[in-house]
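Have a look at the structure below before the remarks.
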Amino acid sequence: MAMIQISIKFVLLLIFLLTLILISIGLYLIFKRIREVKVNGKIESYVHDYEGDWHRFLIDGIPFTKYLIPRSREEIMGIEEIFATYLKNLSNESIQVKISEFSNRYLKDYYSDLLHSKSWSKRMNAMFRIEDFRISSLQKDCEKLGRKRISREEYFQLLKIYSLFNKKLFLQHMLVSTVPLSEYEYKKLLLNLTPELIDNLTDKIGDLPKTCRYSLIETMGLKRDIEYLPHLEMQLKQEDVEIRIRSLRAIYEIGVIINPETYLPFVKSPIWEERLMIAKLFQLLPLSYTLPHLQILLEDESWWVRSQAARTMMNDKNGRESLEEYIENSSDRYAIDMAYEALGKGQKP
């Protein structure tokens with residue numbers, strides 16, 4: 001009987017403690033929500049009251065006034081919203097310079113504290129703002145952080161900051177990355193680099209990690225700058241098949257061929273993807289030059305290569321006539337069927 005009473009007392013005590021914990025958690029969440037609403041209200045109030053003054057300073061060229069200097073964390077967060085809106089919607093070097101100068105002078109200490117915080121999210125937020133607002137005065141702080149044990153996300157963000165403020169250090173990390181990056185991450189990084197940095201990387205392309213090389217080649221294609229053609233043509237001599245295929249794709253994206261003879265060996269490549277790409281690239285050259293090579297590709301063992309060769313021929317003003325002439329003189333049944341298909345006539349009767 002005594003044991004039953006002890007058990008009941010224990011259960012009641014446990015229920016009481018659990019109830020107390022639940023009430024405490026509920027009160028904490030309510031308090032946190034109230035504080036969050038209060039902070040958001042102050043931020044919205046700041047943006048509403050001062051967005052006109054910031055417009056006059058950033059857009060109209062009205063001289064800076066001291067009352068725009070933030071006096072609280074909420075005001076800084078309001079300024080963040082205003083700056084982010086201008087940077088997102090207006091591509092203007094003058095606005096970027098003004099935001100950078102203001103941030104380096106009046107926001108540096110705030111972001112420095114966040115950068116040294118034990119909280120991962122606070123450090124990340126600081127690095128995003130350092131990049132967006134071009135806070136170059138915190139360059140050394142970022143480099144110091146980079147020498148510590150950091151997360152993959154922090155490392156990636158630091159690389160973006162290095163690309164802005166310390167190009168030599170950025171290139172060092174590209175050559176020997178302390179954290180292996182994915183192809184997607186490299187491409188995301190490379191697409192936002194200045195032409196100068198892209199040139200620096202292309203000069204050292206042979207020393208880059210393979211994943212970075214793949215992304216750099218693709219980036220050169222996406223930039224569609226004819227200045228990258230010599231670099232890409234050099235990559236066509238590499239033993240790595242993937243590098244050659246990606247280089248052919250990048251050249252196709254640029255849409256220009258300067259040295260046609262460079263590409264002719266790929267007509268008889270043992271790699272069908274290379275033959276496919278050369279069939280696409282021949283669209284950039286006159287049919288009078290490519291016809292004998294396209295006829296070879298039209299008889300290729302790969303359906304994809306044959307199909308592309310036929311489409312390339314049809315893209316030329318004399319393509320229909322060339323395909324019809326080919327049909328009359330060829331004995332390759334599969335090639336003839338493909339030619340008929342390209343002409344829209346179905347298979348040979």
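The values are calculated or read from the model by the stated rules, or taken from the named source; none is laboratory data. Everything numeric in this text was worked out from a predicted model, so none of it was measured. When we count neighbours, we look across all protein chains shown, and the Cβ atoms used for this are built from the backbone with ideal geometry, even at glycine. Ligands, DNA and RNA are stripped out before the accessible areas are found, and what is left, the full protein with its side chains, is counted by its heavy atoms. Shrake-Rupley method; radii C 1.70, N 1.55, O 1.52, S 1.80 Å.
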Can you tell me which residues in the range 222-244 are among the aliphatic types (A, V, I, L, M) and open to solvent by 40 Å² or more (accessible area, probe 1.4 Å)?
LEU222, ILE226, MET234, VAL241
Cβ-Cβ distance below 6 Å, separation of 6 or more or different chains: which pairs start in the range 208-232 with a residue that is without any contact (Cβ under 8 Å) to a residue 12 or more places away in the chain and farther than 12 Å from ARG249 by Cβ and end on one that is open to solvent by 60 Å² or more (accessible area, probe 1.4 Å) and in a loop (DSSP other than H, G, I, E, B)?
none
Run SER247 past the list (1) open to solvent by 40 Å² or more (accessible area, probe 1.4 Å); (2) under 22 Å from GLY221 (Cα atoms); (3) of a type outside the set (A, V, I, L, M, F, W, C) and report the number of the one that doesn't hold.
(1)
If only one of GLY319, GLY344 is open to solvent by less than 70 Å² (accessible area, probe 1.4 Å) and at positive phi, which one is it?
GLY344
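Residue-wise test of (1) closer than 30 Å to GLU183 by Cβ; (2) assigned to a helix (DSSP H, G or I); (3) in contact (Cβ under 8 Å) with a residue 40 or more places away in the chain; (4) over 25 Å from the mean Cα position of the chain (by Cα).
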{"position": "GLN238", "(1), (2), (3), (4)": "yes, no, no, yes"}
{"position": "ARG244", "(1), (2), (3), (4)": "yes, yes, no, no"}
{"position": "ILE251", "(1), (2), (3), (4)": "yes, yes, no, no"}
{"position": "ALA279", "(1), (2), (3), (4)": "yes, yes, no, yes"}
{"position": "GLN283", "(1), (2), (3), (4)": "yes, yes, no, yes"}
{"position": "ASP300", "(1), (2), (3), (4)": "yes, no, no, yes"}
{"position": "THR312", "(1), (2), (3), (4)": "yes, yes, no, yes"}
{"position": "GLU325", "(1), (2), (3), (4)": "no, yes, no, yes"}
Checklist (1) charged (D, E, K, R); (2) modelled with pLDDT of 90 or more; (3) open to solvent by 40 Å² or more (accessible area, probe 1.4 Å) applied to ARG275, failing item
(3)
Give me the pairs: first residue in the range 332-345 and part of a helix (DSSP H, G or I), second residue among the polar types (S, T, N, Q), beta-carbon distance under 6 Å, and six or more apart or on different chains, which are they?
ILE336/SER330; ASP337/GLN347; TYR340/GLN347
Of the listed residues (ILE254, ILE243), the one being β-branched (Val, Ile, Thr), in contact with a Gly (Cβ under 9 Å, 6 or more places away or on another chain) and under 22 Å from ILE205 (Cβ atoms) is ILE254
(1) surrounded by fewer than 18 Cβ atoms within 10 Å (Cβ to Cβ); (2) modelled with pLDDT under 95; (3) in a helix (DSSP H, G or I) all hold for PRO265 apart from (2)
For the range 261-269, indicate whether the set of residues that are more than 27 Å from GLU324 (Cβ to Cβ), touching a residue at least 24 places away in the same chain (Cβ under 8 Å) and among the hydroxyl-bearing types (Ser, Thr, Tyr) is non-empty.
yes
